[in-house]
1. If you scan the range 6-25, which residues turn out to be in contact (Cβ under 8 Å) with a residue 12 or more places away in the chain, part of a loop (DSSP other than H, G, I, E, B) and more than 18 Å from N62 (Cβ to Cβ)?
2. Take the residues in the range 1-22 that are at pLDDT below 90 and open to solvent by 90 Å² or more (accessible area, probe 1.4 Å); name whichever of them is farthest from I65 (Cα to Cα).
3. From the set of residues in the range 42-56 that are assigned to a loop (DSSP other than H, G, I, E, B) and open to solvent by less than 100 Å² (accessible area, probe 1.4 Å), which is modelled with the lowest pLDDT?
4. Can you name the residue in the range 23-41 that is more than 15 Å from V2 (Cβ to Cβ) and of a type in the set (A, V, I, L, M) and, of all such residues, is modelled with the highest pLDDT?
Amino acid sequence: MVMPKSVLNVNLNPNQGKYTFDSVSKLLIWDVGKMELHQGRGLPTIRGSIVLHSGAPVPDSNPNILIKFNISQFAISGLKVNRLDMFGEV
């Protein structure tokens with residue numbers, strides 16, 4: 001998530017995974033890690049506060065965010081490949 005330019009720093013507390021914040025590019029990355037809902041943690045959440053430049057206006061409370069994720073070894077179709085043999089590799 002790209003934070004507004006007025007953000008100096010963030011102090012966050014994720015219930016799962018870890019986050020990094022680059023104060024130069026204003027990029028916040030939250031790596032949720034492996035999602036295992038049966039561990040009693042519920043859905044991954046991240047809460048906290050942001051530190052703004054003094055006198056800066058409060059950022060939009062509903063910003064647009066870009067989320068990228070992948071699910072390793074999972075296909076939406078339900079198709080599972082147990083083995084793949086390749087012959088005549090170039």
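1. Listed by number, the residues that qualify are N15, Q16, G17, S23, S25.
2. K5
3. G42
4. Narrowing the range 23-41 to residues more than 15 Å from V2 (Cβ to Cβ): 31-41.
Restricting the remaining residues to those that are of a type in the set (A, V, I, L, M) gives 32, 35, 37.
Working: V32: 85, M35: 70, L37: 58.
Looking at the filtered set, the residue picked out is V32.
The values are calculated or read from the model by the stated rules, or taken from the named source; none is laboratory data. These figures come from a predicted structure and were not determined experimentally. Glycine gets a Cβ as well: all are built from the backbone with ideal geometry, and neighbour counts include every protein chain shown. The protein model used for the area step is the full one, side chains on, heavy atoms only, and it has no ligands, DNA or RNA in it. Shrake-Rupley method; radii C 1.70, N 1.55, O 1.52, S 1.80 Å.
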